[in-house]
């Protein structure tokens, strides 16, 4: 019956071809959304890798991850440098990276840190930060730009930039008396690192030496060369990244930090906190998936409509089949077989369209978004979706098949008369 169904579809190739193309587009959209959703979630949960704990002022895990990893929002409080040194000195701790936030440059966050940031910060599958151009900062007034900052603002190594007080898109409180020199530009990571200006902690302290209460102190002006000779040891930071000597000690150190008596601190496991963040921001991807599923359902509804519309035009065909001895159940199987072939052809064509689209978009997605969308075989989740589409597409022919079955019975009675 599949062979006969194939010949019948070839005889109606224009209408069948349009329907296959419609199913192919819906399948490509549905499978594409699933692949992008999966890769986005993986990229989201791998925004920071290789870090065992993130420590900040006591607030909430989600808020701590948002401002320390994604540069969204602000900290409820800072933590003292003394507390940072205490965590660093813990016998179970291998390394720490201080993070100081609060300033900006033309809408991009400025992060004060140390060279250890470029050594220990990891993204994706434990991928270290790489430099597209230049090198890490070494001087008090050096700056390293994220890839997006450099691209959108057109900066190159050697240019000077000024930092603004506060985190707004527009600021009238510029630290223009102490400019920074761009010494490095990071390669794209698809994370908040791309949207960050990195400067030394000492640089953050230097630009605030002559500031009081969020504004420059009247009559006080400290030149950059003079600032270099002063004590630039930080008094407080926003958060810190912590790496353990042994993963077995993570929960022990986490409990020690959370019970720290000198000041209220919070230590969170990045993986656990990122899953909580994803549950909050993952609503949009679920909505997009529902839209793609609705498009696929509409294509399958078109399959039913095609069969029903073609039944009256196929009365002669059905009559000839009955005259040649085909039983009504064979007519039923013929329509079901056509639905199966149309859906299967649409799935194959849809996956080819998706692979071609991924081959074109993959370099751009990896460069701009940090998403790995390379063409490849469908994942287990995509395979289940394709199987569901095939089953639904085949079952979509049941109603037309039943009507064809009833029509075949009527034609059979007419032939006998």
* the range 53-268 - percent relative contact order, Cα under 8 Å, separation 6 or more -> 33 percent
* To do: With a point put 7 Å past each Cα toward its Cβ, work out how far residue 288 is from residue 233 in nm, to one decimal.
  => 4.9 nm
* Structure fact -> For 332, 44, 137, ascending order of other Cβ atoms within 10 Å (fewest first) is 44, 332, 137
* Asked: Which value in nm describes the separation of the simple spin-label points at residue 360 and residue 153, placed 7 Å from the Cα toward the beta carbon?
  -> 3.4 nm
* Mind sorting 105, 165 by how few other Cβ atoms lie within 10 Å of their own Cβ, fewest first? => 165, 105
* Asked: Quick one, what does Rg over Rh come out to for the range 53-268 if you take C-alpha atoms and the Kirkwood Rh?
  -> 0.96
* Would you list 402, 256 from fewest to most Cβ contacts within 10 Å? -> 402, 256
* FRET efficiency for residue 119 and residue 398, using Cβ-Cβ distance with R0 set to 60 Å, rounded to 0.05 -> 0.45
* Whole-Å distance, taken between Cα centres, linking the range 222-252 and the range 18-54 -> 37 Å
* To do: Report the full-extension gain for the segment residue 251 to residue 263: residue separation times 0.36 nm, less the Cα-Cα distance, to one decimal in nm.
  => 2.4 nm
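Only the coordinates and a few stated rules stand behind these numbers; no lab work does. All of these numbers come straight from a predicted model, not from anything done at the bench. With ideal geometry, Cβ positions are generated from the backbone for all residues, glycine too; neighbour counts draw on all protein chains shown.
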